[in-house]
Amino acid sequence: MSGDLRVTWLPGLTPYEPAWRLQERLAQARAEGLLPDLFLLLQHPPVYTVGRSGRDEEILLDPVARRRRGVQVFHIDRGGKVTYHGPGQLVGYGIVDLKNLPGGLRRYVRGLEEALVATLGRFGIAAHREDGLVGVWVGREKIAAIGIRVRRGVTWHGFALNVDPDLSYFGGIIPCGITDRGVTSMGRLLGKAPPLDQVARVAAEELARVLERRLEWTPSLDWLRPWGFPLVSAPTAG
């Protein structure tokens with residue numbers, strides 16, 4: 001298999017809705033052959049997202065408490081239930097043409113899990129997949145979630161890896177509909193989390209490896225301007 005995988009790190013905090021709309025435009029461009037396969041790696045301000053199989057009842061934090069904690073809610077078009085995104089979490093949005101990937105969606109999701117397990121391994125964390133469950137785990141605690149949308153054979157949405165988020169936000173939801181397991185992070189497991197941009201670069205290398213692509217690391221955001229991304233971000237550590 002050949003081709004490039006363009007991976008771009010967006011520093012700061014990227015508002016959720018512009019990133020969601022940008023993915024749709026990029027997926028359309030990928031379907032038209034205007035872009036290579038790519039990933040956007042970024043952080044969001046605090047949000048709860050409700051996937052196609054999620055229910056509002058799985059958000060336990062009431063609207064007043066959500067406003068107090070600065071959490072927005074979005075009902076979105078990915079698979080899966082309710083999850084949390086926020087500062088300290090590495091979010092990866094993959095715009096990948098599955099027609100060029102033998103094994104299709106199942107192979108792609110397994111590839112994301114494999115890349116995240118390998119990324120964590122490079123930081124000294126022994127993670128694994130769980131039969132019958134999507135995502136990446138350390139023991140019985142989830143450290144990375146995955147949710148995908150596919151249209152015209154092209155993916156968007158992707159994964160969320162807990163580098164060093166405030167895990168208390170997960171207490172405001174039933175994460176991914178799972179009630180009998182916990183949530184963890186690299187920071188909790190290591191005592192001190194590595195810089196988020198460092199984790200992003202390692203994840204990019206592992207994504208390119210498992211997808212058998214040449215990594216095209218693009219630290220500049222200039223290539224996104226023609227696609228209408230407003231490039232609104234707020235500075236944050238990492």
| said: Scan the range 84-93 and tell me whether some residue there is over 23 Å from VAL202 (Cα atoms), outside any helix (DSSP H, G or I), touching a residue at least 60 places away in the same chain (Cβ under 8 Å) and open to solvent by 20 Å² or more (accessible area, probe 1.4 Å). | reply: no
| query | From the list ASP62, ASP97, which residue is in contact (Cβ under 8 Å) with a residue 60 or more places away in the chain and charged (D, E, K, R)? | reply | ASP97
| task | Kindly check whether there is at least one residue in the range 127-141 that is hydrophobic (A, V, I, L, M, F, W, C), under 18 Å from THR14 (Cβ atoms) and assigned to a strand (DSSP E or B). | result | no
| Cross-chain or 6+ apart pairs with Cβ under 7 Å, the range 151-164 first and farther than 18 Å from TRP137 by Cβ, then among the aliphatic types (A, V, I, L, M) and part of a strand (DSSP E or B) | VAL154/ILE95; THR155/ILE95; THR155/ILE148; TRP156/ILE95; HIS157/ILE148
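Which one is nearest to LEU190 (Cα to Cα) among residues in the range 94-108 that are assigned to a helix (DSSP H, G or I) and open to solvent by less than 30 Å² (accessible area, probe 1.4 Å)? Don't jump to the end; show me each part of the working.
Here is the first cut: in the range 94-108, the ones assigned to a helix (DSSP H, G or I) are 98-100, 104-108.
With open to solvent by less than 30 Å² (accessible area, probe 1.4 Å) added as a condition, the list becomes 98, 104, 108.
On the way: LEU98: 35, GLY104: 35, TYR108: 28 Å.
Restricting to residues being assigned to a helix (DSSP H, G or I) and open to solvent by less than 30 Å² (accessible area, probe 1.4 Å), the top hit is TYR108.
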| request: Please determine, by comparing only the residues of the range 149-165 that are open to solvent by 20 Å² or more (accessible area, probe 1.4 Å) and under 17 Å from the mean Cα position of the chain (by Cα), which one is nearest to PRO46 (Cα to Cα). | output: ASP164
| request: Check GLY111 against each of (1) under 28 Å from LEU189 (Cα atoms); (2) out of contact with any helix residue (DSSP H, G or I) (no Cβ under 8 Å at 6 or more places or on another chain); (3) assigned to a helix (DSSP H, G or I) and name the one condition it does not meet. | output: (2)
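What are the residues in the range 63-83 that are farther than 23 Å from ARG30 by Cα and not in a helix (DSSP H, G or I), if any?
Once the filter is applied, which keeps residues that are farther than 23 Å from ARG30 by Cα and not in a helix (DSSP H, G or I), the range 63-83 yields GLY70, VAL71, GLN72, VAL73, PHE74, HIS75, GLY80, LYS81, VAL82, THR83.
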| request: Starting from the range 16-30, take each residue that is at negative phi and list its partners that are basic (Lys, Arg) and not in a helix (DSSP H, G or I), counting only C-beta distances under 8 angstrom and pairs at least six apart or across chains. | output: ALA27/ARG151; ALA27/ARG152
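Just one of VAL210, VAL138 is more than 19 Å from VAL82 (Cα to Cα), at pLDDT 90 or above, β-branched (Val, Ile, Thr) and open to solvent by less than 20 Å² (accessible area, probe 1.4 Å); which is it? Even if it seems obvious, please write down each step before you answer.
On the way: VAL138 fails: open to solvent by less than 20 Å² (accessible area, probe 1.4 Å).
One residue alone meets the criteria, VAL210.
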| Failed item in (1) touching a helix residue (DSSP H, G or I) at 6+ places or on another chain (Cβ under 8 Å); (2) modelled with pLDDT under 95; (3) more than 19 Å from VAL150 (Cα to Cα), with ARG67 passing the rest | (1)
| message | I need a count of the residues in the range 1-23 that are buried (at least 17 other Cβ atoms within 10 Å of the Cβ) and closer than 14 Å to TYR93 by Cβ. | response | 12
| Which members of the range 24-57 meet the condition of being touching a Phe, Trp or Tyr at 6+ places or on another chain (Cβ under 7 Å), buried (at least 21 other Cβ atoms within 10 Å of the Cβ) and part of a helix (DSSP H, G or I)? | LEU26, ALA27
| request: Search the range 131-142 for residues that are in contact (Cβ under 8 Å) with a residue 12 or more places away in the chain and pair each with any residue that is outside any strand (DSSP E or B) when their beta-carbon atoms are under 6 Å apart and the residues are at least 6 apart or on different chains. | output: VAL136/GLU113; VAL136/LEU116; VAL136/VAL117; VAL136/ALA127; VAL138/ALA127; VAL138/THR184; ARG140/ARG181; GLU141/THR184
| remark: Residue pairs within 7 Å by beta carbon, gap of at least six or interchain, first lying in the range 100-127 and at pLDDT below 95 and charged (D, E, K, R), second open to solvent by 10 Å² or more (accessible area, probe 1.4 Å) and in a helix (DSSP H, G or I), listed first then second, are none
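The values are calculated or read from the model by the stated rules, or taken from the named source; none is laboratory data. All values derive from a computational prediction rather than experimental measurement. Positions of Cβ are backbone-derived with ideal geometry, glycine not excepted, and every protein chain shown enters the neighbour counts. When the accessible area is computed, the model is the full protein with side chains, heavy atoms only, and any ligands, DNA or RNA have been set aside. Shrake-Rupley method; radii C 1.70, N 1.55, O 1.52, S 1.80 Å.
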